[in-house]
Amino acid sequence: MSRGRVLVIDGDDFARESLTGLLQPEYEVFTAKDGSEGLQIFGKARPDLVVTAVALHALDGIKVLEMIKRSSRNTPVIIVTAHAEMRSIIEAMRLGAYDYFAKPIDYSRLKEMISKALESTSHSADLIIPESVLHDALPNERTIVGRSSGIMEVIKKIGQVSSSRVNVLIEGESGTGKELVSRVIHNSGVTNGLPFVAVDLSTLPETLVESELFGHVKGAFTGAVRDRKGRFETAADGTLFLDEISEIPLNLQVKLLRVLQEREFEPVGGGMTLPMNARIVVATNRNLEELVRRGKFREDLFYRISVFRINIPPLRERREDIPSLVIHILQKINRELHKNVRRVPHDVIKALQNHYWVGNIRELENVLLQAVVLAKGDVLEKESLSFLQSTGSIAKAEGEDLSLELMEREHIIFVLNKTNWDKTEAARLLNISRHTLYNKIKAYRIAQ
Ligand SMILES: Nc1ncnc2c1ncn2[C@@H]1O[C@H](COP(=O)(O)OP(=O)(O)O)[C@@H](O)[C@H]1O
Ligand SMILES: [Mg+2]
């Protein structure tokens, strides 16, 4: 993502400059000549790692270490001593130093240690969006963010299908990005630049579906005061995206199947036939096979539309995508609201990664929007995450997971968040042993 940021504190000009020269190509380096300047710069720049000498003016390196650890427990601090002086080394390690080095410094070993330390803390570090990215590079709304294997599979499939015009069925829970994927298919293939027309079948009244899709001529029914083009015609050679395809009335399923087979259609009341050239992409958050079994969806139509299937996994199954999604979404929200929220503390990321996300990325967008609105400075506060405010965040919508296990998992996370992840306290509140709590954290794969 962004370059690591390293603060070097050393009163010896030569040592400081050679270290800076060594690290600069890879890291963003800040320097300070004494302890108090070091702390000042630390507070402002919030580096990811600190290298400090022990012998310093103003405040010595051990005191600097102690202060840094107090304000930012996860930041690795590497101590450099002039002589391998045992007393200060022991003190430094006790205070939480990452490691120590004796001068003269073996630079290649130090460099290796720095990169290891940054790696080991990158998953426990705060997320910070660099100022430059926040303001200069506007995020592309048509980008699919995430590098989890689930999302890579989706991206691979888009690549396979975008150069042809075969029908595509996109499956995934609500808010997983089905419409986004349909637009990316449209834009990255032969249909790019041609019309993209989306119809949401769950919001159209049953009586209007037919004329909406196929159009009608004047006088075809009461209220048809003039000819009206249908969506098939508007889509022309482009893409027709039929969202929530499971909601299409049974009688129209027959008609739709015929259109897909014959590649022509009749506007309502028209008595004429028009060619159908659009590429058809459909989406559903229901299990169509199940609906076919229950007689709610025609099997022949199902086969027609499911030639090529793309399944988007729910967000809770690809929690590793959350940090990059948070960055992407924050960029979008900051721009819209003229805000500057760019720091997401580690425990907030952790809370976001542990949430069950019934509403997937759309829910994540809403949670972040609320949190940004509440943010006073540039930090996204844990207190502003709406789902942590009550245990009522558990899915209650139709078809959602209502199992006791899910409830238990959510409740454990709720209590852990409440106690700041103090497991002894959490176990006490939950009225179970610490041992049982550990087992449950493991069994439910709660990220720590
Ligand atoms: N992988 C992703 N990367 C970036 N934004 C995403 C991603 N998936 C979904 N979104 C965003 O989440 C929101 C919901 O996506 P949408 O395509 O409308 O979901 P669905 O159609 O499955 O309900 C949209 O704002 C979309 O841009
Ligand atoms: Mg949708």
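Values quoted throughout were computed directly from the atomic coordinates according to the rules given, and no laboratory measurement underlies them. None of the values given here were measured: they were computed from a predicted structure. Backbone-built Cβ (ideal geometry, glycine too); neighbour counts: all protein chains shown.
Whole-Hz Karplus ³J(HN,Hα) for the stretch 146-160, in order, using 6.51 cos²θ - 1.76 cosθ + 1.60 and θ = phi - 60°, x for Gly and Pro?
With coefficients 6.51, -1.76 and 1.60, one gets x, 10, 5, 4, x, 6, 4, 5, 4, 5, 4, 5, 4, x, 5 Hz.
Any idea what the dipole of the stretch 149-311 comes to, in debye rounded to 20, about its Cα centre with Lys/Arg Cβ at +1 and Asp/Glu Cβ at -1? Before the final figure, lay out the partial values.
Details: 21 positive and 21 negative charges, 50 e Å.
Around 240 debye, computed over the stretch 149-311.
Does the chain classify as rounded, prolate or oblate by the C-alpha gyration tensor (a ≥ b ≥ c root eigenvalues; a/c under 1.5 gives rounded; else a/b over b/c gives prolate, otherwise oblate)?
Prolate is the answer for the chain, as a/c is 1.5 or above and a/b outweighs b/c.
With r defined as the distance between the Cβ atoms of K44 and K418 and R0 fixed at 30 Å, what FRET efficiency is calculated, to the nearest 0.05?
That pair, K44 with K418, gives E of 0.40.
Run the simple label-point estimate for A443 and E425 please: 7 Å along Cα→C-beta, distance reported in nm.
Distance between label points: 2.6 nm.
Quick check: from the Cα gyration tensor, does the stretch 5-125 come out rounded (a/c under 1.5), prolate or oblate?
Note, shape of the stretch 5-125 comes out rounded.
Taking R0 as 22 Å, what's the FRET efficiency between T207 and D227 from their Cβ-Cβ distance, rounded to 0.05?
0.75
Just to confirm a number: summing +1 for Lys and Arg and -1 for Asp and Glu over residues other than V217 whose beta-carbon lies under 11 angstrom from that of V217, what do you get?
+2
Considering amide H positions built from the backbone, and no H for Pro or chain starts, which residues 5 or more places from L56, or on another chain, come under 5 Å of its amide H?
Amide H to amide H, under 5 Å and 5 or more residues apart or across chains, L56 pairs with G61.
Taking H as built 1.01 Å from N, whose amide H comes closer than 5 Å to the amide H of F297, not counting residues under 5 places away?
Amide H neighbours of F297: V292.
Determine ³J(HN,Hα), in whole Hz, for all residues of the stretch 294-306 in sequence, where each value follows from phi through the Karplus function 6.51 cos²θ - 1.76 cosθ + 1.60 and θ = phi - 60°; x replaces Gly and Pro.
Along the stretch 294-306, the couplings run 8, x, 8, 9, 5, 5, 5, 5, 4, 5, 4, 8, 9 Hz.
So who's got an amide H within less than 5 Å of the one on F265, skipping anything under 5 residues away but keeping other chains? H placed 1.01 Å off N, in plane.
Answer set, sorted by chain and number: L274, M276.
Tabulate in residue order the Karplus-calculated ³J(HN,Hα) for the stretch 371-383, using 6.51 cos²θ - 1.76 cosθ + 1.60 with θ = phi - 60°, rounded to whole Hz; enter x for Gly and Pro.
So the J values, rounded to whole Hz, are 5, 5, 4, 7, 5, 8, x, 9, 9, 8, 7, 4, 4.
Using per-residue counts of other Cβ atoms within 10 Å, averaged over each peptide, order 18-27, 180-189 from highest down. Before the final figure, lay out each step's value.
Details: 18-27: 15.9, 180-189: 19.8.
For the peptides 18-27, 180-189, the packing ranking is 180-189, 18-27.
Mind putting a number on the dipole of the chain about its Cα centre? Charges go on the C-beta only, +1 for Lys and Arg and -1 for Asp and Glu, and I need it in Debye to the nearest 20.
Numbers: 60 positive and 60 negative charges, 78 e Å.
Dipole of the chain, to the nearest 20 debye: 380 debye.
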